1. Within region 12-33, can one find any residue that is farther than 30 Å from residue 117 by Cβ, in contact with a helix residue (DSSP H, G or I) (Cβ under 8 Å, 6 or more places away or on another chain) and in contact (Cβ under 8 Å) with a residue 40 or more places away in the chain?
2. Hey, can you tell me all the residues within region 35-50 that are assigned to a helix (DSSP H, G or I) and surrounded by 14 or more Cβ atoms within 10 Å (Cβ to Cβ)?
3. Of the residues 125, 113, which is in contact with a helix residue (DSSP H, G or I) (Cβ under 7 Å, 6 or more places away or on another chain), exposed (fewer than 12 other Cβ atoms within 10 Å of the Cβ) and at pLDDT below 80?
4. Count, please, the residues in region 125-164 that happen to be under 21 Å from residue 191 (Cα atoms) and in contact (Cβ under 8 Å) with a residue 12 or more places away in the chain.
C-alpha cells in the first residue's frame, strides 16, 4: 500500500495555507515550502515538506484547475447555445461528461497491478462503483429522454388547443355556425393524436 505523501499528511488548516500560498503569484514554491515548514516547526509537527513534494502538489493542483476551467468553459459555451431554460440539454451534457470520465477511469483501471491483494480488492470496489454509476447514469439518461418527450407533447397539445380556440373565435366572428365551429375545433385537436 502506498504511503501518503507529506502533503497528504498535513493538517487541514496547514494544507489550506499551502493552497493559498500556491495560488498567490507573488509566492514561489520555494517560499511556500519554507513558510509551511516554519508553521510545522512552530506547531511542533515532526514532518516537513520537501520542495519536490510541493512542486508535485502544485502541478497536480494546476492540472485539476485547468480541467475545472475547461469544464466550465465547455458548459458555458454549451449553455449559451441551448438558451435560458437548458434543463434537459444540460442534463444530457452532464451525462455525457460523466460517461467520458467513467471511460477514462476504466482505462486507468486496466493498468492496475492486480497481483497485490489489497490493490485487487480496491480495484474491484472501483469497478463495482463504476458499474453502479454507469447503471444510474443510463437510468438518468432514459428519464431525461422521457421527460423531454413529455414536455414536447404537452407543448404541442397546448399549441393545438390555442390554435383551436383562435380558429373558433375567428369562425364565430365571421358568423360560422356553432356546429361547424365545433367540428373545426375537433379536427384541429385531432392533430394532436
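The values are calculated or read from the model by the stated rules, or taken from the named source; none is laboratory data. This one's a predicted model, so the numbers in the text were calculated from it and none came from an experiment. FYI the Cβ positions are ideal-geometry reconstructions off the backbone, even for glycines, and counts take in every protein chain you see.
1. Taking every residue of region 12-33 in turn, at least one turns out to be farther than 30 Å from residue 117 by Cβ, in contact with a helix residue (DSSP H, G or I) (Cβ under 8 Å, 6 or more places away or on another chain) and in contact (Cβ under 8 Å) with a residue 40 or more places away in the chain.
2. Hits for region 35-50 are 35, 36, 37, 39, 40.
3. On inspection, the qualifying residue turns out to be 113.
4. Matching residues across region 125-164 total 8.
Rundown of residues vs (1) at pLDDT 85 or above; (2) at positive phi; (3) part of a helix (DSSP H, G or I); (4) surrounded by 12 or more Cβ atoms within 10 Å (Cβ to Cβ), yes/no style:
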site: 132; (1), (2), (3), (4): no, no, yes, no
site: 138; (1), (2), (3), (4): no, no, yes, yes
site: 152; (1), (2), (3), (4): yes, no, yes, no
site: 155; (1), (2), (3), (4): yes, no, yes, no
site: 159; (1), (2), (3), (4): yes, no, yes, yes
site: 172; (1), (2), (3), (4): yes, no, yes, yes
site: 184; (1), (2), (3), (4): no, no, yes, yes
site: 187; (1), (2), (3), (4): no, no, yes, no
